[in-house]
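Remarks on the structure that follows.
The values are calculated or read from the model by the stated rules, or taken from the named source; none is laboratory data. Because the structure is a prediction, the values reported are computed rather than measured. Quick reminder, even Gly has a Cβ in these numbers, built from the backbone with ideal geometry, and neighbours come from all protein chains shown. Ligands, DNA and RNA are stripped out before the accessible areas are found, and what is left, the full protein with its side chains, is counted by its heavy atoms. Shrake-Rupley method; radii C 1.70, N 1.55, O 1.52, S 1.80 Å.
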Amino acid sequence: APFDRYSAGAPLDEEANCIAVAVSHEARGESLEGQLAVARVIMNRAASGQYPTTWCGVVKQPWQFSFVRNGYMPSVDESSQAWRNALGITRLAINNAVQSVPTDCLWYHANYVSPSWGRRLTRVSQIGAHIFYRA
């Protein structure tokens, strides 16, 4: 499986680490497909011209990711399987090794909330507990 090939490797740089931390906090209970979609949304935002141009900038942008507080990300348990999964997912996303949500998919939310902005967007898919959108 592609995931096995990417689950170990060289340490991630700071930008990729921001994606891994976001995946770990936002989607650790989701399927690998769901975690990959969260990683791709971060990357899509950075490439879109509508958000900060770096992955860390996207993740740390105020009011975008609920786990970020005042621009700071909480630590992760680097000995956990969830963290190893997040590292592998991040490597898969960066290498575009597995197809995920389309490049114009810039938003998602958990299915137990109903933000007003969701009504203005086009639903792409639901993967696990997250609903993904494009403009």
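Listing for the model above:
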item: Meets criteria (touching a strand residue (DSSP E or B) at 6+ places or on another chain (Cβ under 6 Å) and in a helix (DSSP H, G or I)) for Val21; result: no
item: Residue count for the stretch 110-128, restricted to those that are open to solvent by 30 Å² or more (accessible area, probe 1.4 Å), hydrophobic (A, V, I, L, M, F, W, C) and either within 22 Å of Gln99 (Cβ to Cβ) or within 16 Å of the chain's Cα centre (by Cα) (or both); result: 2
item: Lone qualifier among Gly49, Gly29 - being out of contact with any Cys (no Cβ under 8 Å at 6 or more places or on another chain), within 18 Å of Ile131 (Cβ to Cβ) and open to solvent by 60 Å² or more (accessible area, probe 1.4 Å); result: Gly29
item: Glu15 vs. criteria of a type in the set (Asp, Glu), touching a Cys at 6+ places or on another chain (Cβ under 7 Å) and assigned to a helix (DSSP H, G or I); result: yes
item: Count of the stretch 74-125 residues which are out of contact with any strand residue (DSSP E or B) (no Cβ under 8 Å at 6 or more places or on another chain) and among the hydrophobic types (A, V, I, L, M, F, W, C); result: 12
item: Residue under evaluation Trp55, criteria (1) at pLDDT 95 or above; (2) closer than 15 Å to Asn17 by Cβ; (3) of a type in the set (Phe, Trp, Tyr); (4) open to solvent by less than 30 Å² (accessible area, probe 1.4 Å), criterion not met; result: (4)
item: Residue among Arg119, Arg45 that is over 18 Å from Val21 (Cα atoms) and in a helix (DSSP H, G or I); result: Arg119
